[in-house]
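Engineer: Have a look at this one.
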Amino acid sequence: MESKYSGKCKVCGSTWNVGEQMFYQKDPKVMCNKRDCFESQGGKIYEKSFGGNSFVKKSSRLEISKINLPNMDKIQTNMTKIADEETIQFFFFKKRVMDHGGSEIEAGMLWKTACDRTR
Ligand SMILES: [Zn+2]
């Protein structure tokens with residue numbers, strides 16, 4: 001995510017400025033702009049499982065167009081608003097999608113879409 005504030009990692013001492021890419025997790029609180037450091041502190045990066053290359057993104061979009069769950073537009077709009085706030089919210093997002101009859105994979109793809117929209 002892009003940082004809304006400048007900050008400093010309490011573990012490795014690395015610093016970042018507003019607008020720079022960094023990793024943030026609310027609970028437990030972990031933040032660093034170095035991925036390795038973030039992960040070594042227990043931070044989870046959910047994007048990882050959906051890949052960072054264009055092929056994966058492309059196929060995810062195709063799959064999303066097939067999803068036809070009730071209230072999905074509403075969920076997606078809500079999620080778009082909060083997607084850039086906390087990566088940890090994915091747990092709640094996933095639960096909501098599954099409550100509406102979606103699968104875990106669909107939840108992941110929608111989350112990725114919501115995150116992309118906020119960038
Ligand atoms: Zn660090």
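The values are calculated or read from the model by the stated rules, or taken from the named source; none is laboratory data. Worth saying up front: this structure is predicted, and the values here are computed from it rather than measured. Here the Cβ positions follow ideal geometry from the backbone for every residue, glycine too, while neighbour counts run over all protein chains shown.
Engineer: Could you grab me the full set of residues in region 19-51 that are among the β-branched types (Val, Ile, Thr) and modelled with pLDDT under 90?
Structural biologist: 45
Engineer: Does region 24-42 hold any residues that are in contact (Cβ under 8 Å) with a residue 24 or more places away in the chain, outside any helix (DSSP H, G or I) and within 14 Å of the ligand (Cβ to nearest atom), and which are they?
Structural biologist: 24, 25, 31, 33, 34, 41 - these are the residues of region 24-42 that are in contact (Cβ under 8 Å) with a residue 24 or more places away in the chain, outside any helix (DSSP H, G or I) and within 14 Å of the ligand (Cβ to nearest atom).
Engineer: May I ask you to list the residues in region 2-22 that are touching a residue at least 24 places away in the same chain (Cβ under 8 Å) and under 15 Å from residue 36 (Cα atoms)? Step through it out loud before you land on a result.
Structural biologist: Here is the first cut: in region 2-22, the ones touching a residue at least 24 places away in the same chain (Cβ under 8 Å) are 2-3, 7, 9, 11-12.
Correct list: 9, 11, 12.
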